[in-house]
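All remarks here apply to the structure that follows.
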Amino acid sequence: LKMPSRLLVVIFLLFAAACSKPEVTSVDTGYFNAEAYFSNEAARLAKKGPMLKISNWKGALDSTLVTITDWKKELEPFTRCAIHRSSMRNSYKVDTIPGAENVHIIYTALERLPVQRLEVWKHGENTQRFLAVTGDTNMVFGLYRQLEYVADSGYLIVGRQEMKMMAPADYSIRLSWR
């Protein structure tokens, strides 16, 4: 009776081990990690008070003093510029332009990708400025954006939406916290 119960325990443990999911690991490409950077920025900016937000949709300007309560959502357009995943390996040409105290890194897509160009300016280990050019098109629409983020002062998103049989729509959003 002892032997079969031990055998059952061993079989159960082997079965449980076989059914468990393997640990998923992501290999870092060495490219700039927008997800991690903007997650940290969201936490830092949560302490800020009201800010000036200026939007322009097809020439109609709107200026408002806003208090951002969900910074992760506010910075989502920047977070979506993630090029660091292992699936992006060898998808970008990387140019590094060193300065006396700064470095300017330029990632240029080698094929048609949503993030066509990404530029990062760093002072030591601190990212000071981020610029991304994105684009997505299909048979019905086209969406093009330039996203600029400056850590100590704010961001600017300039874009254009194009749809078949409709006039293009140009827009911009500026948020300042300086």
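The values are calculated or read from the model by the stated rules, or taken from the named source; none is laboratory data. Since the structure is predicted, the reported quantities are computational estimates derived from the model, not experimental observations. Every residue, glycine as well, gets a Cβ built from its backbone with ideal geometry; the counts of neighbours run over all protein chains shown. These area figures cover heavy atoms from the full protein model, side chains too; ligands, DNA and RNA do not enter into them. Shrake-Rupley method; radii C 1.70, N 1.55, O 1.52, S 1.80 Å.
Using the Cα centre of segment 93-167 as origin and beta-carbon charges of +1 (Lys, Arg) and -1 (Asp, Glu), tell me which of 96, 165, 106 is placed farthest towards the positive end of the dipole.
About the Cα centre, the residue reaching furthest to the positive side is 165.
Taking the Cα-to-Cβ direction at residue 163 and at residue 69 and moving 7 Å from each Cα, how far apart do the two end points lie in nm?
3.0
Return the aspartates and glutamates within reach of residue 72: Cα separation strictly under 18 angstrom, same-chain partners fewer than 8 residues apart disregarded; answer none if there are no such residues.
35, 41, 148, 152
Using a 7 Å offset from the Cα along the Cα-to-Cβ direction at both residue 172 and residue 93, what is the distance between the two label points in nm, to one decimal?
The modelled label-to-label distance comes out at 2.9 nm.
When only the heavy atoms of the protein chains count and the probe is 1.4 Å, how do 123, 84 rank by accessible area, highest first?
123, 84
In segment 85-156, if every C-alpha pair distance is counted and binned at 5 Å from zero, what percent goes to each bin?
Binned Cα distances yield the sequence 4, 15, 21, 21, 20, 12, 5, 2, 1, 0.
Using a simple spin-label model with points 7 Å from Cα along the Cα→Cβ vector, what separation in nm is obtained for residue 141 and residue 100?
Reported label-point gap for residue 141 and residue 100 is 4.7 nm.
Just to make sure I understand: if all protein chains stay in place, what is the order of 157, 97 by accessible area at 1.4 Å, largest first?
The residues order as 97, 157, largest area first.
Could you run the Karplus curve 6.51 cos²θ - 1.76 cosθ + 1.60 with θ = phi - 60° over segment 73-87 and give me ³J(HN,Hα) per residue in whole Hz, x for Gly and Pro?
Whole-Hz 3J(HN,Hα) from phi for segment 73-87: 5, 4, 8, 4, x, 6, 4, 5, 7, 6, 10, 7, 5, 4, 5.
Mind ranking 47, 122 by accessible surface for me, highest first, 1.4 Å probe?
Greatest to least solvent exposure: 47, 122.
Using 0.36 nm per residue of separation minus the Cα-Cα distance, give me the extension gain between residue 150 and residue 128 in nm, one decimal. Mind dumping the intermediate values first?
Values: separation 22, 0.36 × 22 = 7.92 nm, distance 0.59 nm.
Value of the extension gain: 7.3 nm.
Determine ³J(HN,Hα), in whole Hz, for all residues of segment 136-144 in sequence, where each value follows from phi through the Karplus function 6.51 cos²θ - 1.76 cosθ + 1.60 and θ = phi - 60°; x replaces Gly and Pro.
8, 9, 8, 5, 9, 9, x, 10, 10
Please report the carbon-and-sulfur percent of the accessible area for segment 60-176; probe 1.4 Å, protein heavy atoms only, DNA, RNA and ligands left out.
Values: 3780 of 7040 Å².
Of all accessible area on segment 60-176, carbon and sulfur atoms account for 54 percent.
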